[in-house]
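One structure below.
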Amino acid sequence: MIPNARTVVPLLIGGTVVILVGAAQVLTLRVPSFDFFRRLEWMSYDWRVRQAARSDRVVCAPNLGFVFISDESAEMLLNGRLDYQVGLYWPRFVYGRLVEELAAQGAEAVAFDVLFPDRRPDHPPAVLPDGTEEASDYFFERQLRAAGNVILAADKGALPAEPFRNAAWALGDVGTTRESDGILRRVKAFEYYRVWHPLIRQAQAREAFRVDPQGIAFQASNQPPVWLPIDADGRFNQADLFRILSGAEPPAGVSPMAPAYTDLRVWDMGIVLAARHLKLDLARAVVEPGRRIILRGENHEERVIPVDAENRFYVDWSLTPFDGHLMRESIHSLLVQEMDRRQGRTNDLTPRWRDKLVVVGSVASGNDLTDLGATPLEKETYLTSRIWNVANSVILGRFIRAPSPLNEFLFTAAISLIAAIVTWKLRTLWAVLLVGSFAALYFAAATYAYIDSRFWLPLVFPLSGLLLSHFGLVSYRAVFEQSERRRVRAIFSRIVSPNVVNELLRAEKLSLEGARREVTILFADVRGFTEMTDRRHSEAEQMARERGLTAAAAEELLEAQAREVLRTVNLYLSAVGDVIKRHEGTLDKYIGDCVMAFWGAPTPQERHALLAVRAAIDAQRAIHAINAQRAAENERRTAENRRRTATGEPPLPLLDLLWLGTGLNTGPVTVGLMGSPAHIVNFTVFGREVNVASRLEGVSGRGRIIIGESTYRQLQRDDPALAARCVAMEPVSVKGIREPVRIFEVPWRGIGEPAEVEHPRSRDGTAPATPRVSV
């Protein structure tokens, strides 16, 4: 079965859209610079994030808090309003006192969004309660060990100094990689930090340090590099490094081979903070890049984080730094409490931070600790907020989930094809309403899915596929329907006048309601057609018998004769039809070898009778011209046949000549579309005057035009000269009409023209004699 256009076109356009959208999706995934569609999707995602934050569905873990460093904090410490005074760059003991106070209040964990990459022996010492002093770094280190719940920040390879790293409970990655539009939407679940062997770090501090596939190169100024080989297992010979550093042999007991480095997995600080609370074992995490990370802990606690191939996940941005769900307090407030506690003033102290997960970060202006940037929630905010948003997501087990690229493509393909089929099958208005409603419904569903369940339904590619398919089919239909209108116009123009075509094409729907109009009706019958058909058939049968043709050959001969008969009658009928259309008539139908036409409908014509009579005259002249041409051809064939007879060749057949009998009548009729709107309809006229016109054609004979009295009266008004040439005839009785009908014959031949072209067979008596009427 060959599919038709109504099946193929929507599938073809929908399939093309699917291919284009699929190609754009692949480019978006594979080519970082091709991010137009990705940015559009991010914009829709950011809008949903903001709607979710404004809704009443924001859920926050009750134990999250933010201790912030503000401008007031810096000013307070700078002015010495505590029992110590520090500058803008605080010594480590200040943070140590904060840790001490939070530990005293029973905080569950403290996460510092502050980097401590190096030891700072130049910082002022901490003054202990007994008046003695302690190095600032050591004091901080000691407080870290005492608290046992502090998470220190690592960023871009900047690990905390080793004493701090060893004293802290864990490290947390705070690195941020923003998207191409500068907005922080997702973070890596973990990063690997390379920790070099202490001897290598010692050498690195003294010499230029470079790593390449051959090993490690140490190069002093203006000296060639010294290579320290590293084997395939990442191990190096410590004795070689001793010789590089000191030029001497290593002390006894030094192991010859040692790991050159250790790759340390550092989890995102928000994940580490939540893991502390949920008692998740990060060391036993199951990592499936491109799919998920599974974290398990005590009491069958489990969290599954959806990640991409680079182990990144989208942050559930719900809480801003000033969100009311988040517990907040300034660092200087806690330092005042620590001072009061140290000095024994504990009566007014309240453990507000008991069992809280504390994030320490800066909101101060112009502070090196402050990390500002854009998130889906805000154009500029403190990026410390990513820590508690990630922690909140892990604690609640609520993550941003999205369909896989394959599922997104399949969904886009499905709705693109459905939109194409719907647009093609339904009327344009209904298709627009349905597709538009679905697009709006899908948009609303995608918004609700994110707000309610943090499920990220993509909008750009599915809606692009939907709308491209829809508008592609709408555009095609517009072109197709215009082409179809032209085709219909061309077809109708062959059988009806252009005014009928225009009337039908302008109508929004077909109406079967009739209207009363005064029109002039014409019936024109091709005379001699029936006799020609019978004679041709008889001649073919006789020829088949004389030649002894087989049944199949005889049937082929009869088919050829039928085709020739049809060509002949079509020649005459088309000549009449062309004349009718040229005179602005409505060609109603062909009834065998008869033509029916009318003037005055569907568009009014003031002189419709005159137009009809002139058309009848030109039709007779057109038939006369055809007969003259065919008669001349017959003269040529007759001469040729004399030669053929002499040489024994079969003669050429002579062409048949046909004539036209025409009847016209004018009067009121019913005009409109007749038939069934579900099947076939015909724009026609009917009534008494139509029947009279048909009867007048019956009495017109051959080569004559007979008109009724009403038509003659309109000729007297519109063309008196033509009316004066008309010949009154005896009234005729018409079937169905009581009184005899007055009739007139309209002349159509020019002065001196022969009355009729003689039939070629009339000379030998083979053609039927036909009476001639001369005007």
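The values are calculated or read from the model by the stated rules, or taken from the named source; none is laboratory data. Owing to the predicted nature of the structure, the values given are computational and were not obtained by experimental measurement. Cβ atoms come from the backbone with ideal geometry, glycine included; neighbour counts cover every protein chain shown. Calculation scope for accessible area: heavy atoms of the full protein, side chains included, ligands and nucleic acids excluded. Shrake-Rupley method; radii C 1.70, N 1.55, O 1.52, S 1.80 Å.
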Starting from the stretch 31-43, take each residue that is part of a helix (DSSP H, G or I) and list its partners that are acidic (Asp, Glu), counting only C-beta distances under 7 angstrom and pairs at least six apart or across chains. ARG39/ASP181; TRP42/GLU179; TRP42/ASP181
Could you list, in sequence order, all residues of the stretch 568-598 that are farther than 17 Å from GLY661 by Cβ, assigned to a strand (DSSP E or B) and over 51 Å from the mean Cα position of the chain (by Cα)? PHE598
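Scanning the stretch 566-608 for residues that are basic (Lys, Arg) and open to solvent by 60 Å² or more (accessible area, probe 1.4 Å), which turns out farthest from ARG630 (Cα to Cα)?
Looking at residues that are basic (Lys, Arg) and open to solvent by 60 Å² or more (accessible area, probe 1.4 Å), I get ARG607.
To keep it simple, each residue is scored yes or no on (1) in a helix (DSSP H, G or I); (2) among the polar types (S, T, N, Q); (3) open to solvent by 40 Å² or more (accessible area, probe 1.4 Å).
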{"site": "ALA524", "(1), (2), (3)": "no, no, no"}
{"site": "ARG536", "(1), (2), (3)": "yes, no, no"}
{"site": "MET543", "(1), (2), (3)": "yes, no, yes"}
{"site": "GLU556", "(1), (2), (3)": "yes, no, yes"}
{"site": "ARG563", "(1), (2), (3)": "yes, no, yes"}
If the requirement is being in contact with a Ser or Thr (Cβ under 7 Å, 6 or more places away or on another chain), under 30 Å from ARG563 (Cα atoms) and open to solvent by less than 10 Å² (accessible area, probe 1.4 Å), which of these qualifies: GLY663, GLY667? GLY663
Looking only at residues in the stretch 392-427 that are over 17 Å from the mean Cα position of the chain (by Cα) and within 30 Å of ALA478 (Cα to Cα), which one is least open to solvent (accessible area, probe 1.4 Å)? LEU426
From the residues in the stretch 127-168 that are closer than 18 Å to GLY361 by Cβ and of a type outside the set (A, V, I, L, M), which one is surrounded by the fewest Cβ atoms within 10 Å (Cβ to Cβ)? LYS156
Out of (1) modelled with pLDDT of 95 or more; (2) open to solvent by less than 10 Å² (accessible area, probe 1.4 Å); (3) closer than 22 Å to GLU739 by Cβ, the one SER700 does not meet is (1)
In the stretch 306-355, which residues are part of a helix (DSSP H, G or I), among the hydrophobic types (A, V, I, L, M, F, W, C) and open to solvent by 10 Å² or more (accessible area, probe 1.4 Å)? VAL336, MET339
Reported set for the stretch 744-760 where residues are modelled with pLDDT of 95 or more and not in a loop (DSSP other than H, G, I, E, B) is PHE744, GLU745
Can you list residue pairs whose Cβ atoms sit under 9 Å apart, with the first residue in the stretch 180-195 being within 16 Å of PHE399 (Cα to Cα) and the second being aromatic (Phe, Trp, Tyr) and open to solvent by 30 Å² or more (accessible area, probe 1.4 Å)? Count only pairs 6 or more apart in sequence or on different chains. ARG185/TYR314; ARG186/TYR314; VAL187/TYR314
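Out of all the residues in the stretch 90-112, which are among the hydrophobic types (A, V, I, L, M, F, W, C), outside any loop (DSSP other than H, G, I, E, B) and either surrounded by fewer than 20 Cβ atoms within 10 Å (Cβ to Cβ) or within 58 Å of the chain's Cα centre (by Cα) (or both)?
Scanning the stretch 90-112 gives LEU98, VAL99, LEU102, ALA103, ALA104, ALA109, VAL110, ALA111, PHE112.
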If you go through the stretch 356-366, how many residues are over 20 Å from ARG178 (Cβ atoms), open to solvent by less than 60 Å² (accessible area, probe 1.4 Å) and either modelled with pLDDT under 90 or not in a strand (DSSP E or B) (or both)? 2
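Are any residues in the stretch 244-264 modelled with pLDDT under 75 and farther than 30 Å from ALA170 by Cβ, and if so, which ones?
Within the stretch 244-264, ILE244, LEU245, SER246, GLY247, ALA248, GLU249, PRO250, PRO251, ALA252, GLY253, VAL254 meet the criteria.
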Looking only at the stretch 113-140, how many residues end up being assigned to a loop (DSSP other than H, G, I, E, B) and of a type in the set (Gly, Ala, Ser)? 2
From the options VAL67, VAL86, residue that is farther than 30 Å from VAL21 by Cβ, in a loop (DSSP other than H, G, I, E, B) and touching a residue at least 12 places away in the same chain (Cβ under 8 Å): VAL86
On the basis of being among the small types (Gly, Ala, Ser) and at pLDDT below 90, does ALA439 make the cut? no
Filter result for the condition that a residue is part of a helix (DSSP H, G or I) and under 30 Å from ALA562 (Cα atoms), over ALA724, ALA632, ALA693: ALA632
Among the residues of the stretch 293-303, are any surrounded by 15 or more Cβ atoms within 10 Å (Cβ to Cβ), within 25 Å of ALA53 (Cα to Cα) and touching a residue at least 40 places away in the same chain (Cβ under 8 Å)? yes
